[in-house]
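The values are calculated or read from the model by the stated rules, or taken from the named source; none is laboratory data. These numbers come from a predicted model, not from an experiment. Here the Cβ positions follow ideal geometry from the backbone for every residue, glycine too, while neighbour counts run over all protein chains shown. Remember, those area values only see protein heavy atoms, side chains included, never the ligands or the DNA or RNA. Shrake-Rupley method; radii C 1.70, N 1.55, O 1.52, S 1.80 Å.
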Number of protein chains: 2
Amino acid sequence: MKKKEELSEEALEMIASRFRLLSDPMRLKILHTLGDQEMNVTDLVGATGAGQANVSKHLGIMLGAGIVSRRKEGLNSIYSVSDETIFELCEVVCSRLKKQLETRQNALSGAF
Amino acid sequence: MKKKEELSEEALEMIASRFRLLSDPMRLKILHTLGDQEMNVTDLVGATGAGQANVSKHLGIMLGAGIVSRRKEGLNSIYSVSDETIFELCEVVCSRLKKQLETRQNALSGAF
DNA sequence: TAACTATATTACTTTATAGTTATATTCGTA
DNA sequence: TACGAATATAACTATAAAGTAATATAGTTA
């Protein structure tokens, strides 16, 4: 029954926003560093080499979007990835990029 | 054999850039409008309601990134989506967003 | 309570980019 | 060849967001 529906501005904005979350190298680095572990902010700062305020801000943004979760333990904030689809998305993108580069290499293979 | 490899800055930037392409509502609208068809710029302008220069610019960006392709026919530039993974990514995001909103609704269901 | 530690937030600067207007380019046609 | 149409591009403006330094907040410990 579903035909080519017109996507509402609101829907487009929600989807775009989710992609926007992933469009920053530092956030990807944080997510990749987290992986399936729990880590506090200080350790993430050490692992990523970014500034504390910057890491904290990125985590706050991702927390708000519901892709990481936080639990407090004393002074520490311990974060983990709560949205596993993130990694699925990254894999799809990464595979596609590899294939694309491979195709380009082949296109040049006979030339000069 | 693959351990938790450190992702290079370059790799992170490439992946982030791909997500950045999808982080704009107008580009998503263009991609969704295209679907599996071929369309020229004028028709896309009509279908999206955006300005000609704007549509043209977005198409140029996506062409450069290899997610749409272009063929010329007389005065027309006819575009189509050349990277089907785009739709896969959008579906994953969209499903996840739905589930997330559903969860939030349930969280409020007993309250007041 | 005072000092310390971990995290969050605020204010600011800088950069990237979306949209727009005007113009250039390219091809078709009278 | 001159004109018109479709698309691309350049220049500009406005906005959003990343990074940073300074500060606030909250828990911990001497």
Would you check if there is a residue in the range A:57-76 being near DNA strand C (Cβ under 8 Å from one of its atoms) and buried (at least 16 other Cβ atoms within 10 Å of the Cβ)? yes
Could you tell me whether A:Arg71 is facing chain B (nearest Cβ under 9 Å) and more than 17 Å from the chain's Cα centre (by Cα)? no
For residues that are more than 10 Å from chain A (Cβ to nearest Cβ) and not in a helix (DSSP H, G or I), scanning just the range B:37-53, find the one that is farthest from DNA strand D (Cβ to nearest atom). B:Gly49
Run A:Glu9 past the list (1) within 16 Å of DNA strand D (Cβ to nearest atom); (2) over 23 Å from B:Asp24 (Cβ atoms) and report the number of the one that doesn't hold. (2)
Quick check on the range A:29-42: of everything there that is open to solvent by 50 Å² or more (accessible area, probe 1.4 Å) and in contact with a strand residue (DSSP E or B) (Cβ under 9 Å, 6 or more places away or on another chain), which residue is nearest to DNA strand C (Cβ to nearest atom)? A:Thr42
Only one of these is under 19 Å from A:Ser17 (Cα atoms), outside any helix (DSSP H, G or I) and either among the aliphatic types (A, V, I, L, M) or at the interface with chain A (Cβ under 9 Å from one of its Cβ atoms) (or both): B:Ser95, B:Ser23. Name it. B:Ser23
Answer with yes or no whether B:Ala107 is closer than 21 Å to A:Ala16 by Cα, in a helix (DSSP H, G or I) and over 11 Å from the mean Cα position of the chain (by Cα). no
Within 14 Å of the chain's Cα centre (by Cα), outside any loop (DSSP other than H, G, I, E, B) and more than 14 Å from chain B (Cβ to nearest Cβ): which single residue out of A:Leu63, A:Leu89, A:Leu28, A:Leu59 fits that description? A:Leu59
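Here's the yes/no breakdown for (1) under 18 Å from B:Lys29 (Cβ atoms); (2) within 13 Å of DNA strand D (Cβ to nearest atom):
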{"residue": "B:Val55", "(1), (2)": "yes, yes"}
{"residue": "B:His58", "(1), (2)": "yes, yes"}
{"residue": "B:Met62", "(1), (2)": "yes, yes"}
{"residue": "B:Ala65", "(1), (2)": "yes, no"}
{"residue": "B:Ser69", "(1), (2)": "no, yes"}
{"residue": "B:Asn76", "(1), (2)": "no, yes"}
{"residue": "B:Asp83", "(1), (2)": "yes, no"}
{"residue": "B:Ile86", "(1), (2)": "yes, no"}
{"residue": "B:Cys90", "(1), (2)": "yes, no"}
Condition first: among the β-branched types (Val, Ile, Thr) and closer than 21 Å to A:Glu6 by Cβ. Can you find one or more residues in the range B:4-26 that meet it? no
